[in-house]
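Below is one structure, written out as structure tokens; comments come after it.
The values are calculated or read from the model by the stated rules, or taken from the named source; none is laboratory data. Everything numeric in this text was worked out from a predicted model, so none of it was measured. A quick note on method: Cβ atoms are made from the backbone with ideal geometry, for glycine too, and the neighbour counts reach across all protein chains shown. Remember, those area values only see protein heavy atoms, side chains included, never the ligands or the DNA or RNA. Shrake-Rupley method; radii C 1.70, N 1.55, O 1.52, S 1.80 Å.
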Amino acid sequence: GVSMDVAAGEVVAVIGANDAGKSTLLKAIAGMMHSRRDAILFEGEPIGDIPAHGIVARGIALVPEGRRLFAGMTVRENLLAGTHALADAGRRSRNLSLVLNLFPALGERQRQLAGTLSGGEQQMCAIGRALMANPSIVLLDEPSMGLAPQIVEEVFNIVKDLNGKEKVTFLLAEQNTNMALRYSDYGYIMESGRIVMDGKASDLASNEDVKEFYLGVG
């Protein structure tokens with residue numbers, strides 16, 4: 001029941017309650033779950049049966065729910081782990097400089113163990129690790145989970161800046177409907193593994209049903 005498109009250069013949100021199937025959708029796109037070859041197309045090519053490492057090499061990177069950093073490794077080591085699909089050593093160095101410039105806090109903590117970072121810093125590190133793979137699209141799974149409201153705002157501002165300045169496309173899965181729609185161009189609402197509504201994010205945010213059932217307004 002999932003049919004959707006993500007246009008290059010957009011921030012697209014998949015919103016819905018817990019267990020709606022959002023994370024499963026992102027894992028399928030990322031090659032972590034088996035799909036039919038023609039079930040998923042990227043730049044016109046079927047990728048549904050390509051394993052995860054091949055998906056990263058194609059230009060799709062996943063920031064998983066809960067960040068999933070290597071807690072016993074340093075920030076720098078976590079970031080460099082995102083370059084495993086890059087054969088160009090020069091590109092690794094340029095990407096590291098880019099990420100540390102985007103996230104100055106990570107530059108200050110390069111030698112610090114990732115497990116000792118704050119929640120917001122861990123999310124920045126997870127996003128930075130994905131960017132190290134030089135992706136054209138980033139799949140962002142529940143970026144607000146476990147973060148204070150102020151940090152959530154900061155993370156979403158980072159997404160918007162990366163989209164605007166670096167032209168990175170984002171597909172994000174999020175339970176925080178208000179934040180997701182505020183920072184996205186387009187949105188899909190998912191229930192029990194099906195897309196039940198979609199439209200411009202601004203239209204969904206003003207839809208009476210969405211306001212009542214997902215925004216708690218009405």
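Here are a few things to note about the model shown:
- Residue match in the stretch 118-128 (condition: over 18 Å from the mean Cα position of the chain (by Cα) and over 28 Å from ALA20 (Cα atoms)): yes
- Of the residues screened, GLY187 is one that is open to solvent by less than 10 Å² (accessible area, probe 1.4 Å) and outside any helix (DSSP H, G or I).
- Put simply, of ALA114, ALA81 the only residue that is among the small types (Gly, Ala, Ser) and touching a Cys at 6+ places or on another chain (Cβ under 9 Å) is ALA114.
- Verdict on ASP203 being open to solvent by 70 Å² or more (accessible area, probe 1.4 Å), part of a strand (DSSP E or B) and under 20 Å from GLY9 (Cβ atoms): no
- Selection status of GLN123, polar (S, T, N, Q), over 20 Å from ILE55 (Cβ atoms) and open to solvent by less than 30 Å² (accessible area, probe 1.4 Å): yes
- Qualifying positions in the stretch 7-32 - surrounded by 19 or more Cβ atoms within 10 Å (Cβ to Cβ), touching a Ser or Thr at 6+ places or on another chain (Cβ under 8 Å) and either hydroxyl-bearing (Ser, Thr, Tyr) or part of a loop (DSSP other than H, G, I, E, B) (or both): ALA20, GLY21
- Any hit, the stretch 64-84, residues being farther than 20 Å from MET124 by Cα, hydrophobic (A, V, I, L, M, F, W, C) and buried (at least 19 other Cβ atoms within 10 Å of the Cβ): no
- Residue within the stretch 156-171 that is in contact (Cβ under 8 Å) with a residue 24 or more places away in the chain, loosely packed, with under 14 Cβ neighbours inside 10 Å and in contact with a Gly (Cβ under 9 Å, 6 or more places away or on another chain) present: yes
- Taking every residue in the stretch 109-120 that is surrounded by 13 or more Cβ atoms within 10 Å (Cβ to Cβ) and pairing it with any residue that is at pLDDT 90 or above and among the hydroxyl-bearing types (Ser, Thr, Tyr), at least 6 positions away or on another chain, the pairs with Cβ-Cβ distances below 8 Å are GLN110/THR74; GLN112/THR74; LEU113/THR74; ALA114/THR74.
- Any hit, the stretch 35-43, residues being of a type in the set (Gly, Ala, Ser) and surrounded by 18 or more Cβ atoms within 10 Å (Cβ to Cβ): no
- Number of residues in the stretch 44-58 that are within 18 Å of the chain's Cα centre (by Cα) and either outside any helix (DSSP H, G or I) or of a type in the set (Lys, Arg) (or both) equals 1.
- Close pairs (6 angstrom Cβ cut-off, 6 or more residues apart or separate chains): under 20 Å from PRO64 (Cα atoms) in the stretch 28-54, assigned to a loop (DSSP other than H, G, I, E, B) and charged (D, E, K, R) anywhere: GLY48/ARG36
- Hits in the stretch 136-173 - residues which are farther than 11 Å from GLN123 by Cα, in a helix (DSSP H, G or I) and β-branched (Val, Ile, Thr): VAL159
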